[in-house]
Amino acid sequence: MVLVFNQQRHIWLPLRCIRRQVRGLLESSGYGEWDVGVHFVDNERMQQLNRQYRKKDRPTDILSFPFHQAAAPEDFREWAVTEDDRNLGDMYLGMPYIVEQCRMHGETVGEHLPVLLAHGLCHLMGYDHELDADYRTMTKREQAILREYSKTREVPF
């Protein structure tokens, strides 16, 4: 199940389309039967989360909170056998920050959102980008998800 929460008022969001988009990305990543939560928040909430969990006192674009502690990317799949186990976790997206980044890079939010969501999903799967080798591994996984997703891509707005 994909749960989408709009907890900001900075930008209008087509939540049904976004929910379909997240489902498509889950399918493209091989996690079609897994649950995920997606929270759209303002910069204040994002800064609070970033400060609390990453010790960085500034807003950011996306934060992911995995349900499973993974020793290695995606290793939890082998023991996630019940329906309750099939929960990837929650992603928080700071919409004012994202809108500004899109403006600076000449993209629309609709174009950039799948990239951010694929990135967040990879974090929920246990990938990170602290080391160069990990960055390359995570980037390959993100690109594979987006390549598969692009076959049926829906831009929500």
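Before moving on, here are some points about what is shown:
- Test: residue in region 121-131 that is touching a residue at least 12 places away in the same chain (Cβ under 8 Å), farther than 18 Å from residue 16 by Cα, assigned to a loop (DSSP other than H, G, I, E, B) and in contact with a strand residue (DSSP E or B) (Cβ under 8 Å, 6 or more places away or on another chain): yes
- Criterion violated by residue 108 - all others in (1) surrounded by fewer than 15 Cβ atoms within 10 Å (Cβ to Cβ); (2) out of contact with any helix residue (DSSP H, G or I) (no Cβ under 8 Å at 6 or more places or on another chain) satisfied: (2)
- Inter-residue pairs, beta-carbon under 8 Å, first more than 12 Å from residue 34 (Cβ to Cβ) and in region 76-104, second of a type in the set (Lys, Arg) and open to solvent by 10 Å² or more (accessible area, probe 1.4 Å), 6+ apart: 92/45; 94/45
- From 24, 89, 37, residue being small (Gly, Ala, Ser), open to solvent by less than 10 Å² (accessible area, probe 1.4 Å) and at negative phi: 37
- Residue in region 143-157 that is within 14 Å of residue 72 (Cβ to Cβ), of a type outside the set (Phe, Trp, Tyr), modelled with pLDDT of 90 or more and open to solvent by less than 60 Å² (accessible area, probe 1.4 Å) present: no
- If you go through region 77-103 and keep only what is at pLDDT below 95 and either of a type in the set (A, V, I, L, M) or in a helix (DSSP H, G or I) (or both), you end up with 77, 78, 80, 81.
- Test: residue in region 24-39 that is under 16 Å from the mean Cα position of the chain (by Cα), touching a residue at least 24 places away in the same chain (Cβ under 8 Å) and closer than 21 Å to residue 103 by Cβ: no
- Selection status of residue 71, aliphatic (A, V, I, L, M), open to solvent by 60 Å² or more (accessible area, probe 1.4 Å) and not in a helix (DSSP H, G or I): yes
- Residues of region 74-91 that are under 15 Å from the mean Cα position of the chain (by Cα) and not acidic (Asp, Glu): 87, 88, 89, 91.
The values are calculated or read from the model by the stated rules, or taken from the named source; none is laboratory data. Note that the structure is predicted; figures quoted are calculated from it, not measured. FYI the Cβ positions are ideal-geometry reconstructions off the backbone, even for glycines, and counts take in every protein chain you see. Areas reflect the complete protein model, heavy atoms only, side chains present, ligands, DNA and RNA absent. Shrake-Rupley method; radii C 1.70, N 1.55, O 1.52, S 1.80 Å.
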